[in-house]
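Single-structure report; data block below.
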There are 2 protein chains.
Amino acid sequence: MEKLNIDKIARLSLVSKSVVSRVLNDHPNVSDAARSRVMSTIKKYGYKPNSTAQNLATNRSHVLGVLTDRRPNNEMSNGYWSLFNLGLFDKCRKEGYFTRFTFVDAGNLNQSNHTLFDESGTDGFILHTPEVINLIIDDLKRKEFPVVFKHQNSEYSEYSSVDINNYLGGYLATSHLIELGHKKISILWAVPEVEEARERMRGYRQAHSDNGLKVDESLIITGHYSQEFGYEAVRKLNKLNKQFSALFCTSDTIAMGALLALNEEGVDIPGEVSVVGFDDLPSSGFTFPPLTTIHQPIYEKGVRAAEILINQLEKRDTKIVHDLLEPHLVIRKSTGPVL
Amino acid sequence: MEKLNIDKIARLSLVSKSVVSRVLNDHPNVSDAARSRVMSTIKKYGYKPNSTAQNLATNRSHVLGVLTDRRPNNEMSNGYWSLFNLGLFDKCRKEGYFTRFTFVDAGNLNQSNHTLFDESGTDGFILHTPEVINLIIDDLKRKEFPVVFKHQNSEYSEYSSVDINNYLGGYLATSHLIELGHKKISILWAVPEVEEARERMRGYRQAHSDNGLKVDESLIITGHYSQEFGYEAVRKLNKLNKQFSALFCTSDTIAMGALLALNEEGVDIPGEVSVVGFDDLPSSGFTFPPLTTIHQPIYEKGVRAAEILINQLEKRDTKIVHDLLEPHLVIRKSTGPVL
DNA sequence: TTGTACGCGTTATCAA
DNA sequence: TTGATAACGCGTACAA
């Protein structure tokens, strides 16, 4: 099995390699005769151009880099990350791009910035998590690398970004509970350093004030996005003998932990306590009871992030955008009226 | 910001580019003086070699291809896929490799084989799912591409593979239930076409016969790996008025669906029915009740798959292996003695 | 120990 | 419409 290359194909087709290259790249100015000869030998020998050589010659790799921090396994396997990446992959596949992941140890930041991204093997970057941005953004800027943020981040409005309307999500979740008659609504939220979290909180507060309700600050519990936090938070609330008839968990994982703590204590859901989550992970329809939650289009976020970056790379649309996709409420069985 | 390349660095260091190349690749036969001059200009200008050019020159890409079929989003985001990939990524990162995903539409197989993998951009392949193997294996074989299977597959014993001991997993799960006194154990399993599933079933049967029990064939329900199946299967069993005191679900997702159906009907778990799952997904500690299940080292499977392939590529260890990692039982709260 | 020259497989320029 | 020929940036015999 001899190696095929453009020269061999050219010789076998009785043309020069320039012609083969033109045929390969759909260039005009190729005679029909030549084209069909080339096409048939390509087909006959199953020739495919060497993509590495193409990349070198064109200075384009058709690879999108994804830069994300390496969270613990359980945080990266709750479905959110997968869904986003599936959106990325699908869009990339359609457009002829590949995806390359680079992880940053957020705890261990002594990696040289230079080693974080491979300029020659990547056409642009999707910055997955707010934590990594400060690390890397100067380098990327200096090298004029196309970049899309996966989170809203008003500090860097000069870069395109995709997110959902987190404020609206928080507002919808809280309003739903208020409409059901709840007045004592505890919020279990996480990582207030991040704009996403603050926006959800803002929605929570706004829904209260729009309905003439005052937020009970002692019902605000801060933690991180995990089942453990939800579980512990509920136990803490109960230990402190806090009165609440509803729980707004700012992620479905938090809600799962809360649900377990409630169920274990024999609390009737939603009879005694209503619970609303955030994300609408694929498994959230199968918690007990099935979780009322804010659906966010995670997959679509991935698609859109890839789309924006590719549009930029292909010079189809190079203007900066700050997309905020719409979340919506999904009512299942974990919320009900105050009795 | 002018473009840096090996020639410029050479000129600035007052050596030829051969010397720079040798320094870059840790070759011997470079004088200390030259080496330090080169190193300092590299550092000074922040030079990094162009990886595309390196790939072209060495005919190595340091990219592992992962070929997997494109299942529905919810199936690919239950945590299993993420965990496996995290193992892959971590190992690859350590060894200086990247990962490239290629998806196959298992339903829509008219893609030309030739388009499925990019030989020039990939050093070897991990075949993720049994469904894609037949499609592609001839091509890979003909081109002598290094390949590792992510499933045990005795039809292709000429290729290395990684899996868990699925037989043992089925055996452990069933034995646990039998030890608790259960005699009517329903099994909810999926995709019997795949060796993995048949092995788990074999363990289920063997545990019965080792304990002098006969399998009630009417308690064997066949479906697919999903919460929906688990949910429907339980309802079906109840509608048919089947007697069973325990459920062996061959995946945690199936178990979650089963749990919901049981909970909704007010069945006490494990008082009336015990449930054991398979996989030990990160969320399985937070179902209600927390799920007793067979833990399989998914992340480690990813690590090992990458390791085997990289060992082959680096010629460190080229012999064919068929690894079967050990699963083990994790007892939580969804199983208990027969009352 | 160093440097020259060529090869890797493409694309792109420019003359024919 | 075609075909030399020169990049692209690096690795590596081979000669010095």
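The values are calculated or read from the model by the stated rules, or taken from the named source; none is laboratory data. In this text the structure is predicted, and so the values were computed from the model without any measurement. Here the Cβ positions follow ideal geometry from the backbone for every residue, glycine too, while neighbour counts run over all protein chains shown.
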Task: Matching strands (runs of 3 or more DSSP E) fully within the range B:259-327 where at least 2 residues are crowded, with 24+ Cβ neighbours inside 10 Å and more than 10 Å from chain A (Cβ to nearest Cβ) - done: B:274-279, B:292-295
Task: In the range B:200-249, the residues that are under 18 Å from residue B:166 (Cβ atoms), within 14 Å of chain A (Cβ to nearest Cβ) and either over 31 Å from the mean Cα position of the chain (by Cα) or assigned to a loop (DSSP other than H, G, I, E, B) (or both) - done: B:225
Open item on the list: Residue under question is residue B:212, and the condition is that it be out of contact with any Ser or Thr (no Cβ under 6 Å at 6 or more places or on another chain) and on the phi > 0 side of the Ramachandran plot; does it hold?
Closed with: yes
Open item on the list: Would you confirm whether or not the range A:56-78 contains a residue that is more than 23 Å from the chain's Cα centre (by Cα), touching a residue at least 12 places away in the same chain (Cβ under 8 Å) and within 16 Å of DNA strand D (Cβ to nearest atom)?
Closed with: yes
Open item on the list: Condition first: surrounded by fewer than 18 Cβ atoms within 10 Å (Cβ to Cβ), more than 16 Å from DNA strand C (Cβ to nearest atom) and either β-branched (Val, Ile, Thr) or modelled with pLDDT under 95 (or both). Can you find one or more residues in the range A:74-82 that meet it?
Closed with: yes
Task: Check on residue A:195, under 27 Å from residue A:133 (Cα atoms) and acidic (Asp, Glu) - done: yes
TODO: State which residue is modelled with the highest pLDDT when the search covers only the range B:130-150 and only residues that are part of a loop (DSSP other than H, G, I, E, B) and buried (at least 18 other Cβ atoms within 10 Å of the Cβ).
DONE: B:150
TODO: Give me the pairs, please: first residue somewhere in the range B:15-40 and without any contact (Cβ under 8 Å) to a residue 60 or more places away in the chain, second residue anywhere and of a type in the set (D, E, K, R), beta-carbon distance under 6 Å, and either six or more positions apart or on two chains.
DONE: B:17/B:7; B:23/B:35; B:30/B:22
TODO: Have a look at A:273, A:267 and point out the one that is without any contact (Cβ under 8 Å) to a residue 24 or more places away in the chain and more than 25 Å from the chain's Cα centre (by Cα).
DONE: A:267
Open item on the list: Kindly evaluate residue A:245 against the criterion of being surrounded by fewer than 24 Cβ atoms within 10 Å (Cβ to Cβ), more than 28 Å from residue A:151 (Cβ to Cβ) and polar (S, T, N, Q).
Closed with: yes
Open item on the list: Among (1) within 23 Å of residue A:199 (Cα to Cα); (2) of a type in the set (Asp, Glu); (3) not in a helix (DSSP H, G or I), there is one condition residue A:155 misses while meeting the rest; what is its number?
Closed with: (3)
Open item on the list: Which residue is surrounded by the fewest Cβ atoms within 10 Å (Cβ to Cβ), if the candidates are limited to the range A:2-59 and must be closer than 24 Å to residue A:121 by Cβ and either away from every other protein chain (no Cβ under 14 Å) or away from DNA strand C (no atom under 12 Å from the Cβ) (or both)?
Closed with: A:25
Task: Restricting the range A:20-37 to residues that are within 9 Å of DNA strand D (Cβ to nearest atom) and under 22 Å from residue A:52 (Cβ atoms), the residue that is modelled with the lowest pLDDT - done: A:27
